[in-house]
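Peer 1: Next up is a structure, given as structure tokens.
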Amino acid sequence: MVTGLAGLIGRTPLVEATALSKRTGCRILLKMEAMNPGGSSKDRIALNIIETAERDGWLKPGGTVIEGTAGSTGISLALLARARGYRCIIVMADDMAMEKEILLRTLGAEVHRVKAVSFVNNQHFCRVAEALATEIPGGFYVNQFENAANFLAHYHHTGPEIWAQTSGVIDAFVMGAGTGGTLAGVGTFLKEQSSDIHVVLADPPGSALYRKVKNGVIYTSQQAEQRLQRNRYDTILEGVGIDRLTRNFALGQAAVDDAYQVTDAESVTMAYWLLAHEGLFIGSSSALNLVAAVKLARTLPAGSTIVTCICDQGNRGMSKVYNDAFLESKDLLAAAQHADIATGCLDFVC
């Protein structure tokens, strides 16, 4: 028996993706973070950040939890705030999926929508959230991108769980980065157990982290070509990819060995492929992770064990990844109808 909502967070199962394993020749293991009560891996960081803030006196009874988020962290915070008696305010960019806002409001959070702009703009959702925390008495700014309690949640819990569940038989860990906390925290812990474990970043279009890992310089191709877009992200994926170096990513940067770029088309096809062949209904960032896992598997010896995370659920992408009209508007409908989805081939992964 566990106690309360907090007791349900973590200790998620590790599942072999049998269809992917068969077709790659490697064991592809999925850490099912979407099975946390809030439906994502963000439950872990929300709990650790809130508990740390309570312990250190930053968050007091009757206080207000405030965060800028693409959605999943907000959902986790809203649940925990409700359970612990806090007010919760979430600031989101206006291009995030509507179903996330609906869920946030249902959970009791107040939602502020702002335009999707670059981080240097004062109207960026994180900067607006930070400003609100200074204006509201008892306000606590979560600051998931820079708060080390994010990294530590994965270093102290997710990483050790993976090590125990694999009995130490693991050759690689691969996943995307939004705040960078999961990749950095898990990667750092695993590297401390065995320096032979490969830790690999999966990065979407428009994100600068790929070049940071590969070249040591953080910039996007759009920046290099002086083609800055409205928010610098040229991807439909939510909660993953970033154009700056966060504290959480920096804490574990030394553990990251390599990086793969993943196109939106690859991620969309993988989401539908996994549903067809594994019966798993996953979100877009999880699909990104799996594409990178396949790319990595092609470089490793047969039988190698690769772990990644299913960090979100497909029902949070119904208006985007699983919406034909939206995909068509982004020239991605063909990706959702790729022939490999029916045949089971993985040739769509370039």
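The values are calculated or read from the model by the stated rules, or taken from the named source; none is laboratory data. Note that this is a predicted model, so its numbers are computed, not measured. Every residue, glycine as well, gets a Cβ built from its backbone with ideal geometry; the counts of neighbours run over all protein chains shown.
Peer 1: How many of the residues in the stretch 88-115 are touching a helix residue (DSSP H, G or I) at 6+ places or on another chain (Cβ under 7 Å) and surrounded by 17 or more Cβ atoms within 10 Å (Cβ to Cβ)?
Peer 2: The qualifying residues number 14.
Peer 1: Can you list residue pairs whose Cβ atoms sit under 7 Å apart, with the first residue in the stretch 161-177 being closer than 24 Å to Ala259 by Cβ and the second being crowded, with 20+ Cβ neighbours inside 10 Å and among the basic types (Lys, Arg)? Count only pairs 6 or more apart in sequence or on different chains.
Peer 2: Final answer for the pair search is Ile162/Lys31.
Peer 1: In the stretch 311-323, is there at least one residue being of a type in the set (D, E, K, R) and either touching a Cys at 6+ places or on another chain (Cβ under 9 Å) or surrounded by fewer than 22 Cβ atoms within 10 Å (Cβ to Cβ) (or both)?
Peer 2: no
Peer 1: Restricting attention to the stretch 278-300, does a residue exist that is at pLDDT 95 or above, over 24 Å from Ser207 (Cα atoms), assigned to a helix (DSSP H, G or I) and out of contact with any His (no Cβ under 9 Å at 6 or more places or on another chain)?
Peer 2: yes
Peer 1: Test of understanding: among Ile90, Ile66, which residue is in contact with a Gly (Cβ under 9 Å, 6 or more places away or on another chain), in contact (Cβ under 8 Å) with a residue 40 or more places away in the chain and outside the structural domain of Arg244 (by the TED database)?
Peer 2: On the way: Ile90 fails: in contact (Cβ under 8 Å) with a residue 40 or more places away in the chain.
One residue alone meets the criteria, Ile66.
Peer 1: Just one of (1) touching a Gly at 6+ places or on another chain (Cβ under 9 Å); (2) closer than 18 Å to Ile242 by Cα trips up Glu146, so point out which.
Peer 2: Glu146 satisfies every listed condition except (1).
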